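The values are calculated or read from the model by the stated rules, or taken from the named source; none is laboratory data. Keep in mind the model is a prediction, meaning the values are calculated, not measured. Cβ sites come from the backbone with ideal geometry, for glycine too, and all protein chains shown count toward neighbours.
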Amino acid sequence: MNTVLEARDLCKTYIVNKRQNNVLRNVSFSVNEGEMIGIMGPSGSGKSTLLYTVSGMDKMTAGEVFFCGKNLSAMREKELAAARLEDMGFIFQQMYMMKNLSVLDNIILPAVRAAKHHESNKKIAQRGRELMKRLGIAEIAGNDINEVSGGQLQRACICRSMINHPKIIFADEPTGSLNRTSSEEVMEELAKLNADGTTMMIVTHDVKVASRCGKVLFIVDGNIKGEYVIDSGANLRDRERSLNHWLMEMGW
Amino acid sequence: MYRRIILRDLKRKKTMNIILLLFVVLSAMFTASGVNNIMVVERGLDHYFEEAGMADYYILSHKSNGRDTVEELLRNSENAKAYQKDDVIFTSEENFKRSGKKLMEYSNISMVQSISDSNFNFFDENDNVIDHVEQGKMYITGAVPKRSDLQIGDKFTLKIGEINMKFEFAGTLKDALFGSEMMGNPRMLISEEDYKKIANDDQVKQYASGSVYYIETDNLSALQSEIADAEDIYLMIDNDTVKLSYFMNMIVATIILILSIGLIIVSFVVLRFTIGFTIAEEFREIGVMKAIGLKNNSIRSLYLAKYFCISFVGAVVGYFLNIPFGKMLIKSVSENMVLESQNSAVIGVLCCVAVVLVILFFSWSCTGKIKKLSPIDAVRSGQTGERFHKKSILHLGKTRLKSTAFLSINDVFSQPKQFTIITAIFTICTVFVMVLSVTANTLGSQKMLKMLGITKSDVYFLDSKRITDAISGVKDVDETKQEISDILAENNMPAFVYIEEWYNLSVTANDVKYKTNFVWCKDTKTTDYTYTKGVAPKYENEVALSEMLAEKMHVDIGDVLTLNIDGEDKEFIITALFQSVMQTGNVGRLCEKFEIPGNLMTGAVGYQINFDDDPDEKIISERIEKLKDIFDNKNIYDTCGFVNAITGVSDTIKSVRDFVLAISIIVIILIAVLMEHSFISKEKSEIALMKAIGFRNGAIMTQHTGRFLISVILAQIVAAGLCVPLLMLCIDPIFMTMGATAGIEYQFNVLEQFVIYPLIITATVVISAFLTAMHVGKIKASDTANIE
């Protein structure tokens, strides 16, 4: 199985008021193709920082990150932007969208920007609609972003993250702003995408969300304190129970 | 606690608060200087005339052999309440020399007079009344010494008659009566002792002595009728007409007034927008404050206190900046006028207080939205889900545009209010420059010839010496033409020379007597000129009048006028009306077939030369340079140069246009920079999102710059459409007061007005916006996690 993402001795340090804050300390892990990996840990442990650093959105202080064999730390801003545009997808806790664009336009924006194989905007829009249909939000394509519910918006964000057929999707608390029903619907969709072969790295507080992953990393104070591989054959309830048990052992 | 919240807010939202502060500074500066200038300009001429001690009516007369017919008439007049007289000696540029060369270049008759006999206030360049001139020193009116680069302390000689006296230039003076560009008769002030020496010369007594009368009257028309028969009069002019002669200054003043109003509007519009915009962005704080139980009024007072702090500091800074800025604006008007104290502290302070109050009012009205915001806004990042207005108008999937271009266009159309404001500001700036450019072009163009009532010729020679000789009777006017013609022939430039002669004649219309100027040229035909109504005078007893003169005399085409010519009454039929800015619009034209005695001539614009070989423009230009050397006179022009020299304002308007362009560029830079800063601040989350999904800095910068580019292009289109209506609205009335009653034909330079200036403005906007947009580089993709 190919390794999509590999972090080696990753460090991230912030200087706040002349005080050094080591958010990530020598973090090493890898994500294989088709894997769905969950990152858990208490607040302030460095989960989101890890996600933003390994995705090239934030600069690392030390260490190396390899994305599809390419060293992210050696890439220029231009190359990083191209990698984020064409090979990575992002889902945020806040459903960030461009306020002046309709839901469909928000979804297809990265594809129009990338314009792979000189695909016309019309064809891209058609792909966007198909994705929306797949995620059950086809009816809100022409709506403005403030005309739809949080769950619909987050599903639109998933569509946007999918539009360029990324090699990996990074999700930062994808269900953090959603109610329980919406949360389950969104995770169902993410699980389906993973089942279709999309690699995912999800930062979450929610055991229900993490239990859908194949592997969970537990971070405390910028270190990976433990790694738990979830039994892929077990049902969702058992996965959740075993993960909970492990997390309690880790001091969750 | 409030104090702590405000201080923390000021510190935390440094960028937006600084932007707001800058706009307050601009508003205070523009308002204080604008209102000051409006008041100064509005009262400008009245104040100047009051200070100078102007009367109701003025006569400039020539003494024939020491006999003063005007004074005899005035002494016995029932309508002249009082009069005062300044004795003057008529001179021309030929009389003043430095190292054997002409000291100054000017075309009109000048006057030397004694400071001790003066019944009129003259001012130095610092607006102080000149009450004493040392022996051997001389003050000279306004622009003439400046044009000739005369410095205080420069020595020169005055040679007139048998007199050859040395003088030192003491400084420039401001003369309310003859100092305007249109009157353009320089006056020289010297000491009593020096004046007596010159005045006692026999030749001076015979040919060059005269008087300026300042007459007080309650019945101007009766006085005019009474003295209409006076002889040897160069000029009779009433106060209103003298005011009109300052119309070129008033054009500049009006432009400054409009500019000031424009700047005030721009600053307040931007201020209102910025306040509304910053408050709208603070839904989170407001929501949180409401959530912890603060009442609407408490929250409102918190914002009002913050805006008061900013506006107070901005107003104080703006007040101090308004003083140099206001002076800079009014400088071009105050050069040959004495204006009221040019920057009143009281008005300045009042304006700044008004700005603070207006800001508080804006803040009060904008904070009205606080009532609508609820704690849920803090939770839902301002998205309550209750707003259903459509934002997106264009659809990415339906266009062929690239993402960046689409986002720019979509943003402009999705936020019409804010981009309309920006477009309106760019439009105001562009249209100002366009209107001024067209005005400057028109005033220096051949189209003004029609307005001056002059036919086109190859060369125009403003030879004040020969004209003075012709007026004073030293030479016959035909003799002077022949002299010039002979010199041209000797220098292998055979040409036909002619001159438009002016005659100040007594006219009776409807039993009322007037004294007015008539133009006559025996070498042109009346059909060569343009008329607004009627048919050109064909016979010797026919005459054409300017529309203003006809209105003044209550006559029209077909009416009969009686002209007193050399003591004999002759009747003339009015056959046509025309428009003219010469003689402040009051002028008539006699038919070339009418024979008028040359000794009655009282003035002329200049000699006109048409070369026999019909040369092209290049050769004419070369010949003009040669003629300047041959005649030792720089007042030789082609058509545009002549128009410029006569109106004397084209260059001033051009410098005002350049000044307005500079101000516009500064305003545009400020608006583009400050607006883009606020956009970046407002759209931080979107910028971070765009970066997260793979947009590069360059693409985001292009998107942001593109929005300004669209605004400025729209502004250029609107400005081009508004140019003509605004010319008609603002500039036509000024020309109308001067005699262009049928409107003026504007001279457009498409390349300059519709290509070069719009390009300068567009480039300024694009560069400013792009450089400011570089700040998007400071926002990281990972900021999506930190955005409030």
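Of all the residues that make up segment B:542-567, how many are exposed (fewer than 15 other Cβ atoms within 10 Å of the Cβ) and closer than 14 Å to B:F594 by Cα?
Qualifying residue count for the region: 1.
Is it the case that segment B:706-725 has a residue that's among the small types (G, A, S) and assigned to a loop (DSSP other than H, G, I, E, B)?
Looking for residues that are among the small types (G, A, S) and assigned to a loop (DSSP other than H, G, I, E, B), one finds none in segment B:706-725, hence no.
Among the residues of segment A:160-188, write down those that are outside any loop (DSSP other than H, G, I, E, B) and either surrounded by fewer than 20 Cβ atoms within 10 Å (Cβ to Cβ) or of a type in the set (F, W, Y) (or both).
Result: A:F170, A:R180, A:T181, A:S182, A:E184, A:E185, A:E188.
Conditions: (1) assigned to a helix (DSSP H, G or I); (2) at the interface with chain B (Cβ under 8 Å from one of its Cβ atoms); (3) surrounded by fewer than 23 Cβ atoms within 10 Å (Cβ to Cβ). A:N100 meets all but one. Number of the miss?
(1)
Within segment B:651-665, can you find the residues that are under 22 Å from B:S267 (Cβ atoms) and in contact (Cβ under 8 Å) with a residue 24 or more places away in the chain?
B:V656, B:R657, B:F659, B:V660, B:L661, B:I663, B:S664, B:I665
Considering only residues that are away from every other protein chain (no Cβ under 14 Å) and without any contact (Cβ under 8 Å) to a residue 60 or more places away in the chain, look in segment A:38-68 and name the one that is surrounded by the fewest Cβ atoms within 10 Å (Cβ to Cβ).
Filtering first and then ranking leaves A:A62.
Given the criterion in the same structural domain as A:I107 (by TED's automatic domain parsing) and either at pLDDT 90 or above or within 30 Å of B:M690 (Cα to Cα) (or both), identify the matching residue among A:S211, A:S242, A:S161.
So the residue among A:S211, A:S242, A:S161 that is in the same structural domain as A:I107 (by TED's automatic domain parsing) and either at pLDDT 90 or above or within 30 Å of B:M690 (Cα to Cα) (or both) is A:S161.
Being at the interface with chain B (Cβ under 7 Å from one of its Cβ atoms) and not in a helix (DSSP H, G or I) is the filter here, so list the residues in segment A:108-157 that pass it.
Listed by number, the list holds a single entry, A:D144.
Identify the single condition in (1) more than 30 Å from the chain's Cα centre (by Cα); (2) touching a residue at least 40 places away in the same chain (Cβ under 8 Å) that B:R75 does not satisfy, given that it satisfies every other one.
All conditions pass for B:R75, except number (2).
Free of Cβ contacts under 8 Å to residues at least 12 places away in the same chain and either part of a helix (DSSP H, G or I) or aliphatic (A, V, I, L, M) (or both) - does that describe any residue in segment B:461-472? Talk me through it step by step, then tell me what you get.
Start the filter on segment B:461-472 by keeping residues that are free of Cβ contacts under 8 Å to residues at least 12 places away in the same chain, which leaves B:469.
Now narrow it down to the ones that are either part of a helix (DSSP H, G or I) or aliphatic (A, V, I, L, M) (or both): B:469.
Yes - at least one qualifying residue is present in segment B:461-472.
Exactly one condition in (1) assigned by TED's automatic domain parsing to the domain that holds A:W246; (2) touching an Asp or Glu at 6+ places or on another chain (Cβ under 6 Å) is not met by A:L135; state its number.
In the conditions (1) assigned by TED's automatic domain parsing to the domain that holds A:W246; (2) touching an Asp or Glu at 6+ places or on another chain (Cβ under 6 Å), A:L135 misses (1) alone.
What's the total number of residues in segment B:627-645 that are within 21 Å of B:K450 (Cα to Cα) and either among the β-branched types (V, I, T) or in contact with a His (Cβ under 7 Å, 6 or more places away or on another chain) (or both)?
Restricting attention to segment B:627-645, the residues satisfying the condition of being within 21 Å of B:K450 (Cα to Cα) are B:635-645.
Right, trim to either among the β-branched types (V, I, T) or in contact with a His (Cβ under 7 Å, 6 or more places away or on another chain) (or both) and you get B:636, B:639, B:643.
The total comes to 3.
If you take the residues of segment B:743-788 that are over 32 Å from the mean Cα position of the chain (by Cα) and either away from chain A (no Cβ under 14 Å) or surrounded by fewer than 14 Cβ atoms within 10 Å (Cβ to Cβ) (or both), which of them is farthest from B:N441 (Cα to Cα)?
Step one: of segment B:743-788, the residues over 32 Å from the mean Cα position of the chain (by Cα) are B:770-788.
Adding the requirement that they be either away from chain A (no Cβ under 14 Å) or surrounded by fewer than 14 Cβ atoms within 10 Å (Cβ to Cβ) (or both) leaves B:770-773, B:775, B:778, B:786, B:788.
Details: B:F770: 33, B:L771: 34, B:T772: 36, B:A773: 37, B:H775: 41, B:K778: 47, B:N786: 57, B:E788: 55 Å.
Across segment B:743-788, the extreme among qualifying residues is B:N786.
Test B:A715 against the stated conditions and say whether it is in the same structural domain as B:K780 (by TED's automatic domain parsing), among the small types (G, A, S) and closer than 14 Å to B:S768 by Cα. If you could, list the steps in order and put the result at the bottom.
Numbers: in the same structural domain as B:K780 (by TED's automatic domain parsing): yes; among the small types (G, A, S): yes; closer than 14 Å to B:S768 by Cα: no.
Against the criterion (in the same structural domain as B:K780 (by TED's automatic domain parsing), among the small types (G, A, S) and closer than 14 Å to B:S768 by Cα), B:A715 does not qualify.
Under 6 Å by Cβ, and 6 or more places apart or on different chains, what pairs join a residue from segment A:1-17 that is within 12 Å of A:N71 (Cα to Cα) with one that is charged (D, E, K, R) and surrounded by 14 or more Cβ atoms within 10 Å (Cβ to Cβ)?
Filtered contacts from segment A:1-17: A:V4/A:E33; A:V4/A:K167; A:R8/A:E64.
With respect to B:S267, determine if the residue is more than 26 Å from B:V474 (Cβ to Cβ) and in the same structural domain as B:E71 (by TED's automatic domain parsing). Break it down stepwise before answering.
On the way: more than 26 Å from B:V474 (Cβ to Cβ): yes; in the same structural domain as B:E71 (by TED's automatic domain parsing): no.
Against the criterion (more than 26 Å from B:V474 (Cβ to Cβ) and in the same structural domain as B:E71 (by TED's automatic domain parsing)), B:S267 does not qualify.
For a quick check of your reading: which helices (runs of 4 or more DSSP H) sit entirely within segment B:388-457 and have at least 2 residues that are surrounded by 24 or more Cβ atoms within 10 Å (Cβ to Cβ) and more than 10 Å from every other protein chain (Cβ to nearest Cβ)?
Because the criterion is at least 2 residues that are surrounded by 24 or more Cβ atoms within 10 Å (Cβ to Cβ) and more than 10 Å from every other protein chain (Cβ to nearest Cβ), the helices (runs of 4 or more DSSP H) in segment B:388-457 that meet it are B:416-443, B:447-452.
Out of everything in segment B:528-586 that is of a type in the set (G, A, S) and not in a helix (DSSP H, G or I), what residue ends up being farthest from B:A740 (Cα to Cα)?
It comes out as B:G567.
Just wondering, is there one or more residues in segment B:310-327 that are free of Cβ contacts under 8 Å to residues at least 24 places away in the same chain and either under 12 Å from B:W364 (Cα atoms) or among the aromatic types (F, W, Y) (or both)?
Within segment B:310-327 (the criterion being free of Cβ contacts under 8 Å to residues at least 24 places away in the same chain and either under 12 Å from B:W364 (Cα atoms) or among the aromatic types (F, W, Y) (or both)), the answer is yes, since at least one residue qualifies.
Give the residues of segment B:509-522 that are assigned to a loop (DSSP other than H, G, I, E, B) and either surrounded by 15 or more Cβ atoms within 10 Å (Cβ to Cβ) or free of Cβ contacts under 8 Å to residues at least 24 places away in the same chain (or both), sorted by residue number. Break it down into steps so the answer makes sense when it comes.
Step one: list which residues in segment B:509-522 are assigned to a loop (DSSP other than H, G, I, E, B), which gives B:510-511, B:521-522.
Passing the criteria: B:D511, B:C521, B:K522.
Which one is surrounded by the most Cβ atoms within 10 Å (Cβ to Cβ), of the residues in segment B:678-689 that are modelled with pLDDT under 85 and more than 14 Å from chain A (Cβ to nearest Cβ)?
B:S678
Need at least 3 residues that are within 30 Å of B:I227 (Cα to Cα) per element, so show me which helices (runs of 4 or more DSSP H) inside segment B:1-111 make the cut, counting only ones lying wholly within it.
Here the list reads B:14-52, B:69-75.
Out of B:A692, B:A715, I need the residue that is touching a residue at least 24 places away in the same chain (Cβ under 8 Å), more than 15 Å from B:H775 (Cβ to Cβ) and away from every other protein chain (no Cβ under 13 Å). Which one?
One residue alone meets the criteria, B:A715.
Could you look through segment B:65-107, keep only residues that are out of contact with any strand residue (DSSP E or B) (no Cβ under 9 Å at 6 or more places or on another chain) and of a type outside the set (G, A, S), and pick out the one that is modelled with the lowest pLDDT? Working first, answer last.
Our first condition is that a residue be out of contact with any strand residue (DSSP E or B) (no Cβ under 9 Å at 6 or more places or on another chain); within segment B:65-107, this holds for B:65, B:67, B:72, B:76, B:78, B:100-101, B:105-106.
Now restrict to residues that are of a type outside the set (G, A, S): B:65, B:67, B:72, B:76, B:78, B:101, B:105-106.
Numbers: B:N65: 63, B:R67: 67, B:E72: 82, B:N76: 83, B:E78: 84, B:K101: 82, B:E105: 78, B:Y106: 79.
Only one residue fits best here, namely B:N65.
Please go through segment A:69-97 and pick out each residue that is in contact with a helix residue (DSSP H, G or I) (Cβ under 6 Å, 6 or more places away or on another chain) and at the interface with another protein chain (Cβ under 8 Å from one of its Cβ atoms).
A:L85, A:E86, A:F90, A:F92, A:Y96, A:M97
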